[in-house]
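Working notes, beginning with the structure itself.
The values are calculated or read from the model by the stated rules, or taken from the named source; none is laboratory data. The model shown is predicted, which means the values in this text are computed figures rather than measured ones. No Cβ is skipped: glycine too gets one built from the backbone with ideal geometry, and neighbour counts run over all protein chains shown.
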Amino acid sequence: MAAKKTVSTDEAIASDATDAAVASAPEAAEAVAQVTFADTVYTSRSLYLAKGEDLREFKVVAKRVSVPADDAEALAFLADHPELQRLDG
């Protein structure tokens, strides 16, 4: 026999889903903090940062490249690039 659903059960499920979405929203906002640089020469290209045997790629799209604000290695690399200009903070 199928389990009986009630309005209060449906409301509780919807409430739990809403609470979970609201709880994760501030965390998502913190993770999205970006620093943007403008490319003064190219509209699009790839910039590569070699570290040991690893190779990191940063894509310039529409004269912009963005990296997370907490990525010190990427920020230093892009800030030192002569053809890039930091746009924010």
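Filtering the range 41-63 to residues that are among the acidic types (Asp, Glu) and either surrounded by 10 or more Cβ atoms within 10 Å (Cβ to Cβ) or under 11 Å from GLU73 (Cβ atoms) (or both) leaves only ASP54. Sort out which residues of the range 47-89 are more than 19 Å from the chain's Cα centre (by Cα), modelled with pLDDT of 95 or more and not in a strand (DSSP E or B), and write them in order of number. Listed by number, the residues that qualify are ASP80, HIS81, PRO82, GLU83.
Residue pairs whose Cβ atoms lie under 7 Å apart, sitting 6 or more positions apart in sequence or on different chains, and linking a residue in the range 39-63 that is on the phi < 0 side of the Ramachandran plot to a partner that is basic (Lys, Arg) and outside any strand (DSSP E or B), are ASP39/LYS63; THR43/LYS63.
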